[in-house]
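Asks: Let me give you the structure first, and then I'll get to my questions.
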Amino acid sequence: MNLLVDSHDVYAYTGAQDFDAARNPLIFIHGGGLDHTVWLLQSRYFAHHGHGVMAVDLPAHGRSGGAPLVSIEDMADWIGRLMDASGIETATLIGHSMGALVVHEAAARHPVRVRSIVTIGISVPMPVTDALLSAAKANEHDAMDMVNIWGHGAGAQLGGNQVPGMWMMGSGVRLLEQSAPGVLYADLNACNEYRDGLEHSALIECPVQVILGRDDRMSPVRAAQPLLQALAHARVTVIENCGHMLMAEKPGEVLDLLIAALKEPAGSA
Amino acid sequence: MASPDQHRFDTLSLHAGQRPDPTTGARATPIYQTTSFVFRDTDTAAALFNAERAGHVYSRISNPTNAVLEERISALEGGVGAICTASGQAAMHLAIATIIDAGSHIVSSRSLYGGSHNLLAYTMPRFGIETTFVDPRDPDAFKKAIQPNTRLVFGEILGNPGLDVLDVSTVSKIAHEAGLPLLIDSTFTTPYLCRPFDHGADLVFHSATKFLGGHGIAIGGLLVDSGRFDWEASEKFPTLTEPYPGFHNMDFVEEYGPAAFIMRARKEGARDFGACMSPSTAFHILQGIETLPLRMQRHVDNTRKVVAFLDAHDAVDWVGYPELPSHPDHALAKSLLPRGCGAVFSFGLKGGRAAGRRFIETVRIFSHLANVGDAKSLVIHPASTTHHRMDARALQAAGITEGTIRLSVGLEDADDLINDLGQAIKASQKVRVAEPT
C-alpha cells in the first residue's frame with residue numbers, strides 16, 4: 001500500500017490483504033537500517049487473522065521516500081500522521097529495536113490513539129557505541145557488519161534458520177546494504193540521542209508487552225531493567241537462545257507471543 | 001575500527017546451518033528421512049501453506065537435513081540462501097526457469113561442461129529460450145551479444161575443459177549495466193578457491209557431486225542466491241516483481257526483499273519441477289563439505305606437482321593449467337584464484353588419438369570415467385565422452401582436440417600419481433613409435 005505522508009511517498013506492506021482500518025489495525029515498525037521485510041511472517045499472519053496490517057517503511061527506508069527522521073520523537077509523531085493518512089483512529093503498535101523506541105514514545109505522546117504496544121528488543125536508553133556511530137557516519141561497511149554480528153545471537157551466527165535454506169547472517173547484512181547512505185547513521189544516532197524515554201514511561205497507560213532475547217548484545221536484558229521497572233504493568237517475556245534480531249532468529253516464538261499478546265493484552269497502567 | 005569477528009571459512013564448513021539436535025543431542029546432522037511433517041494444529045497448517053509461518057511441509061520443497069546443507073553453502077559462498085537440487089544440471093535449470101520465460105535469450109560462455117552446453121544449445125530452444133555462445137576470454141563479446149530480450153549471462157569460473165578463466169568482475173559489470181544477473185557454475189573451484197559473489201556474480205550453482213561431496217557417492221546440486229541483484233530496478237523480471245497467481249499473488253521482491261529469487265525458486269521451482277535432493281544425499285554432501293578446506297588444498301597441492309611433472313615431460317605437447325605462465329589466463333588466475341586453480345586440467349600427449357587411447361588404457365591408479373572432483377584421481381578423453389555430441393568445429397571452439405586428456409587429480413600420494421602417469425605416458429609413446437599418426 002502506498003500513502004502520502006508529509007508530502008512524501010510512504011510504503012506499507014499489508015500482509016497481502018487489502019488494508020482495512022476498521023479491522024483492529026496493527027502497525028509494525030522496523031529497526032534501524034531495515035525495512036518492512038523483517039515482519040514478513042508476523043504481518044502476513046495477522047493480515048489473514050482478522051487484522052488490518054501495515055508493516056511500514058519509515059521515511060528513506062525500503063520503498064518509502066523522503067529523508068530519514070532524526071529523532072525518536074519525530075518518528076513517534078510521524079506515526080500519528082501515518083495513522084491520519086491511512087484512516088486509522090486507534091491501533092496496536094509493534095516495534096523492534098529503534099522501532100520499539102518509536103512505539104514506546106508514540107504510546108507516551110499519543111495515548112488516545114494507541115490501544116496497546118509490543119516492544120521487541122528494547123532497552124531505554126539505547127546507547128550506541130562510538131565505533132559503530134563513527135563507522136555508520138562514514139557509511140563504512142563495517143557498520144553493517146557490526147550491526148549484523150552484534151545483532152545475531154551466538155547460535156544464530158551458526159545458522160539453524162526456521163525459514164528453510166536461508167542463511168541469517170547473509171540475509172541480515174544484505175538488507176542493511178540496501179539502505180541508502182546516511183540512513184543507518186541517522187537511525188543509530190536517533191537511538192543514541194533518545195534521552196527521555198524512561199521519564200515518558202509514566203505517560204504510557206495502554207497494555208505493554210515486552211519481548212527480549214536472552215543473548216541480545218545490542219539491547220541486553222539487563223539494560224532493559226530500568227524500563228521494566230518504569231513500566232510496572234508490562235508483561236515481559238525473554239526468549240532463550242536468541243539475540244537482537246528476534247523476528248529472524250525466532251520467528252515462530254515471536255509470532256506466538258504476539259498472538260497471545262493480542263488475544264489477552266497485559267493489564268493497563 | 002575493524003568490524004567484529006565472525007566465523008571463518010573452516011569453521012563454517014563444519015558448523016554452518018547445524019547445531020546439536022535439541023531433542024536427542026546428536027552432534028552430527030540427523031538424516032530426516034521423511035516425506036512429510038506433522039502439523040501442530042490446523043491453524044499452524046494453514047499458516048505454513050500461506051507463508052505466515054516458517055517450517056517444513058513436504059520434503060520435495062524443504063527438509064531439515066537439506067536445509068542444513070543449504071545454509072552451509074550459503075554461508076561459504078556469502079549468499080542469503082540456497083536450495084538443494086537433484087543434480088547440478090537441475091540447479092542450472094532451476095536458475096533459468098525461475099527468471100526466464102519463452103522468448104528470452106541467454107548470453108553464455110562457450111567453454112562449458114557438455115551437459116550445460118546441451119541444455120542451452122539443444123533443449124532450451126524447444127522451450128523458446130535461445131542462447132548466444134561467446135568466447136569467455138573476450139568480455140566485449142558478452143556485451144555485443146546482449147539483446148533486448150536477454151535475461152541472463154552465464155559462465156564457468158574455469159571453463160570445461162580448457163580452463164579458460166572467466167573475468168567475473170568485468171563480465172558482471174557488463175551484465176549489470178544491461179540490467180542482467182550473472183550466473184556462475186562454480187563446480188570446479190568451490191567457495192574455497194573462489195567466491196564469485198565477492199567479484200560481482202549474482203547467482204551461483206554447483207554440481208555438489210564433485211568437490212563439495214568429494215567422495216563420488218552422491219549426485220546433487222546447489223543453487224545459491226547472493227541477494228544483491230536489484231530485480232525491481234532492472235524491470236526485466238516479472239516472475240519476481242509482479243503478483244504470481246500460482247502462490248497467493250505473491251510479489252516476491254515486495255515480500256522477501258533480497259531473498260526474492262531463492263524464495264521463488266523454492267515456492268515455484270521446487271514445488272512444480274520437483275527436482276529435489278534426497279535427505280540422505282544432503283547428509284553425504286554435508287560430510288564432504290566438513291573437510292572441504294583440507295581436501296581442496298590437498299587437491300591443489302597434488303595438482304601442482306602433477307602439472308610440473310607433465311609440463312617438463314618430453315612426450316607432453318602442452319599442459320593447460322592457469323598457474324602456468326604459458327596459460328593465456330595466467331595473470332587473471334593469479335588475482336581471481338590465489339589459492340589455486342583447482343584439480344581438473346587437460347594436457348596433450350604427443351602421438352594424438354592413438355597415444356591418448358593407449359595412455360587411458362594403461363593408467364593404474366587413475367580411473368577412466370565421466371566425473372571429476374572425486375577424492376580418487378580420474379581421467380577421461382573428452383572428445384569421445386563428455387563432449388561427444390560436439391562436431392569438430394564445436395570442439396575446436398571449446399578448446400578441445402581429439403587427443404586431449406583431462407585429469408581430475410585426487411588425494412592420493414602425489415608421487416604415486418606421478419609414477420602412474422609416467423608409466424602410462426611411456427606406454428603411450430611406444431604406441432606412437434609403432435603407429436605414427
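The values are calculated or read from the model by the stated rules, or taken from the named source; none is laboratory data. Computed from a prediction, not measured in an experiment: that's the story for all the values here. Heads up, the Cβs are rebuilt from the backbone with ideal geometry, glycines too, and the neighbour counts pull from every protein chain shown.
Asks: Could you figure out which of (1) crowded, with 18+ Cβ neighbours inside 10 Å; (2) under 21 Å from the mean Cα position of the chain (by Cα) isn't true of residue A:125?
Replies: Exception for residue A:125: condition (1).
Asks: Quick check on residue B:130: is it farther than 29 Å from residue B:406 by Cα and within 14 Å of another protein chain (Cβ to nearest Cβ)?
Replies: Here the answer is no, as residue B:130 does not meet what is asked.
Asks: Across region A:111-132, which residue is farthest from the other protein chains (Cβ to nearest Cβ) among those that are in a helix (DSSP H, G or I) and touching an Asp or Glu at 6+ places or on another chain (Cβ under 8 Å)?
Replies: A:111
Asks: Before we move on, is residue A:207 at pLDDT 95 or above, farther than 22 Å from residue A:112 by Cβ and surrounded by 15 or more Cβ atoms within 10 Å (Cβ to Cβ)?
Replies: no
Asks: Now for a different question. For region A:48-77, enumerate the residues that are within 14 Å of chain B (Cβ to nearest Cβ), over 23 Å from residue A:89 (Cα atoms) and either among the hydroxyl-bearing types (Ser, Thr, Tyr) or in contact with a helix residue (DSSP H, G or I) (Cβ under 7 Å, 6 or more places away or on another chain) (or both).
Replies: Scanning region A:48-77 gives A:61, A:62.
Asks: Of all residues being in a strand (DSSP E or B) and touching a Ser or Thr at 6+ places or on another chain (Cβ under 6 Å) in region A:201-217, which is farthest from residue A:155 (Cα to Cα)? Just the residue, please.
Replies: Top of the filtered list is A:210.
Asks: Identify all residues within region A:18-36 that are under 18 Å from residue B:250 (Cβ atoms) and either in contact with an Asp or Glu (Cβ under 8 Å, 6 or more places away or on another chain) or facing another protein chain (nearest Cβ under 10 Å) (or both); write none if there are none.
Replies: Passing the criteria: A:35, A:36.
Asks: Now, a different point. Could you list, ordered by first residue, the pairs with Cβ atoms under 6 Å in which the first is in region A:134-154 and more than 9 Å from chain B (Cβ to nearest Cβ) and over 12 Å from residue A:33 (Cβ atoms) and the second is outside any helix (DSSP H, G or I) and hydrophobic (A, V, I, L, M, F, W, C), at least 6 apart or interchain?
Replies: The qualifying pairs are A:152/A:245; A:153/A:242.
Asks: Out of the residues in region B:57-94 meeting the condition of being β-branched (Val, Ile, Thr) and assigned to a loop (DSSP other than H, G, I, E, B), tell me which one is farthest from the other protein chains (Cβ to nearest Cβ).
Replies: The extreme case among them is B:57.
Asks: Also, quick follow-up: I'd like to verify a number: residues in region B:8-20 that are in a loop (DSSP other than H, G, I, E, B) and either touching a Lys or Arg at 6+ places or on another chain (Cβ under 8 Å) or in contact (Cβ under 8 Å) with a residue 40 or more places away in the chain (or both), how many?
Replies: Within region B:8-20, residues that are in a loop (DSSP other than H, G, I, E, B) and either touching a Lys or Arg at 6+ places or on another chain (Cβ under 8 Å) or in contact (Cβ under 8 Å) with a residue 40 or more places away in the chain (or both) number 4.
Asks: Let me ask something else about it. Just give me the residues in region B:1-43 being within 11 Å of another protein chain (Cβ to nearest Cβ), of a type in the set (S, T, N, Q) and either closer than 30 Å to residue A:137 by Cα or surrounded by fewer than 15 Cβ atoms within 10 Å (Cβ to Cβ) (or both), in sequence order.
Replies: Hits for region B:1-43 are B:3, B:6, B:11.
Asks: Among the listed residues A:198, A:175, which satisfies the condition of being within 14 Å of chain B (Cβ to nearest Cβ) and in a helix (DSSP H, G or I)?
Replies: A:175
Asks: In addition: Any residue at all in region A:133-148 that is among the polar types (S, T, N, Q), assigned to a helix (DSSP H, G or I) and buried (at least 24 other Cβ atoms within 10 Å of the Cβ)?
Replies: There is at least one residue in region A:133-148 that is among the polar types (S, T, N, Q), assigned to a helix (DSSP H, G or I) and buried (at least 24 other Cβ atoms within 10 Å of the Cβ).
Asks: Another question, then. Please report, ordered by residue number, the helices (runs of 4 or more DSSP H) entirely within region B:228-332 with at least 3 residues that are within 14 Å of another protein chain (Cβ to nearest Cβ) and over 30 Å from residue A:44 (Cβ atoms).
Replies: B:279-290
Per-residue answers, yes or no, for (1) in contact with a strand residue (DSSP E or B) (Cβ under 9 Å, 6 or more places away or on another chain); (2) surrounded by 24 or more Cβ atoms within 10 Å (Cβ to Cβ); (3) not assigned by TED's automatic domain parsing to the domain that holds residue B:375:
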| site | (1), (2), (3) |
| --- | --- |
| B:220 | yes, yes, yes |
| B:225 | yes, yes, yes |
| B:228 | no, no, yes |
| B:232 | no, no, yes |
| B:236 | yes, no, yes |
| B:243 | yes, no, yes |
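Asks: (1) away from chain B (no Cβ under 14 Å); (2) touching a His at 6+ places or on another chain (Cβ under 9 Å); (3) not acidic (Asp, Glu): which one isn't true of residue A:188, the others all being true?
Replies: (2)
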